[in-house]
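**Student:** Sharing a structure with you now.
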Amino acid sequence: MVKSKAVSDRILIVVCYTLVTLGVLLCLLPIVHTLALSLSDKASATAGLVGLWPVNFTGAAYAAILRDKLFFTALGNSLLRVALGVPINVLFCIIMGYPLSRSRKQFPQRNIYMWFLVFTMLFSGGMIPSYVLIDELGLMDSIWALILPSAVGAYNIILLMNYFKNLPGELDEAARIDGAGAMRIMWNIYVPLALPCIATIALFSFVGHWNAWFDAAIYMESQSKIPLQTYIQQLVVESSVSSSLSPEEQMMLAEVSGKSFNAAKVFVTMLPLLLVYPFVQRYFVQGIVIGSVKG
């Protein structure tokens, strides 16, 4: 009986490792193919000969992107959006998540605010009312039109609220006995203990701001103010790129396949996420698991 159970456990482990390996490959292979396609020449990419390894290696697609002046302008706009948006998102999550994590005795109006928060997750005013609001506030063609509408993330607030709830209540009681006020308890005790969840929220916010393109497409009127994702979405070899390149660069671009060029754009915009994620990965699972379960 014991031997049979050991064999079944071993089979289960093999099956689990196999499934995990397949999942990793499903995530990794598209990235490898995109990189290989971006480094292949025009004929090979057009003919569909590229698999997981570049065919007739060339960096012409990346050279075409890096010599485009608007590319660096859009990159700077994206970096500015992330630099402003992520701290604002995290700040609002903390100052709203902490009060909502307190009991009704400490915060009698808690349920009222909670219903407002949940309501925003279920219903939205829509694109036209949002556009009218941004226009009436005078935020059109401003970086704040991309940051303020998403400054308060309901899902992230609930995640952090549940994380705060799971922290021992004795911390609050002990701090109040020592004379600490609500703000000091939040910033000096609860926020440092919630760093795994805060790092997770920061990652969500970073990915959201970095990948967003539609809001800039409707709120930004100047080409010089659009972020990288919007620029790449609008970018076509025949017009947007060639208009800002010299004749020599246009000749070089004519030798680049549209598939290679698009693959290079995708990989360039993916690179920051691949570089950032390893630094917050160790917080990610802990923040999600504890913050998703109500204590």
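**Student:** For a quick check, take a GNM of the chain with Cα springs below 10 Å and name the residue from D178, D68, D215 with the largest mean-square fluctuation.
**Tutor:** Fluctuation is largest for D178.
**Student:** Hey, with R₀ at 51 Å, roughly what FRET efficiency would A154 and Y17 work out to, going by the Cβ-Cβ distance, to 0.05? All intermediate terms of the calculation are to be shown ahead of the outcome.
**Tutor:** Numbers: r = 37 Å, r/R0 = 0.73.
Taking R0 as 51 Å, the efficiency between A154 and Y17 is 0.85.
**Student:** Now for a different question. Could you tell me the center-to-center distance, by alpha carbons, between segment 132-154 and segment 74-90 in angstrom?
**Tutor:** Segment 132-154 and segment 74-90 have Cα centres spaced 14 Å from each other.
**Student:** Calculate the FRET efficiency for R10 and L167 from the Cβ-Cβ distance with a Förster distance of 35 Å, rounded to the nearest 0.05.
**Tutor:** 0.35
**Student:** GNM, the chain, Cα, under 10 Å: largest mean-square fluctuation among S124, S40, S260?
**Tutor:** Highest fluctuation among the options: S124.
**Student:** Can you list which of the trypsin sites (Lys or Arg not before Pro) found in segment 1-110 are DSSP loop residues with at most 14 other C-beta atoms within 10 Å?
**Tutor:** Those that pass, being in a loop and sparsely packed, are R104, K105.
**Student:** Using only the alpha-carbon atoms, how far is helix 2-38 inclined from the longest principal axis of the chain? Give it as 0 to 90 degrees, nearest 10.
**Tutor:** The helix 2-38 is inclined about 50 degrees to the chain.
**Student:** Could you bin all the Cα-Cα distances of the chain into 5 Å bins starting at 0 and give me the percent of pairs in each, rounded to whole numbers?
**Tutor:** Result, from short to long distances: 1, 5, 9, 11, 12, 12, 11, 11, 9, 7, 5, 4, 2, 1, 0, 0 percent.
**Student:** For the residue pair M121 and Y277, what label-to-label distance in nm results when each label sits 7 Å from Cα along the Cα-to-beta-carbon direction?
**Tutor:** It is 2.4 nm.
**Student:** For a protection proxy built on the mean count of beta-carbon atoms within 10 angstrom, sort 148-155, 160-167 highest first, please.
**Tutor:** Numbers: 148-155: 15.5, 160-167: 21.1.
Highest to lowest by the protection proxy: 160-167, 148-155.
**Student:** As a footprinting exposure proxy, order H209, H33 by other Cβ within 10 Å, with the fewest listed first.
**Tutor:** On the way: H209 23, H33 15.
Listing H209, H33 from fewest to most nearby Cβ atoms yields H33, H209.
**Student:** Considering only I13, I189, I226, give the residue with the highest GNM mean-square fluctuation for the chain, with springs between Cα atoms whenever their separation is below 10 Å.
**Tutor:** The residue with the greatest mean-square fluctuation here is I13.
**Student:** May I ask you to list the residues of segment 107-139 whose amide nitrogen lies under 19 Å from a point 7 Å from Cα along the Cα→beta-carbon direction of E221?
**Tutor:** Correct set: 128-139.
Coordinate-derived values only; no laboratory data. Quick caveat, the model's predicted, so the values are computed rather than measured. Here the Cβ is made from the backbone with ideal geometry for all residues, glycine too, and neighbour counts use every protein chain on show.
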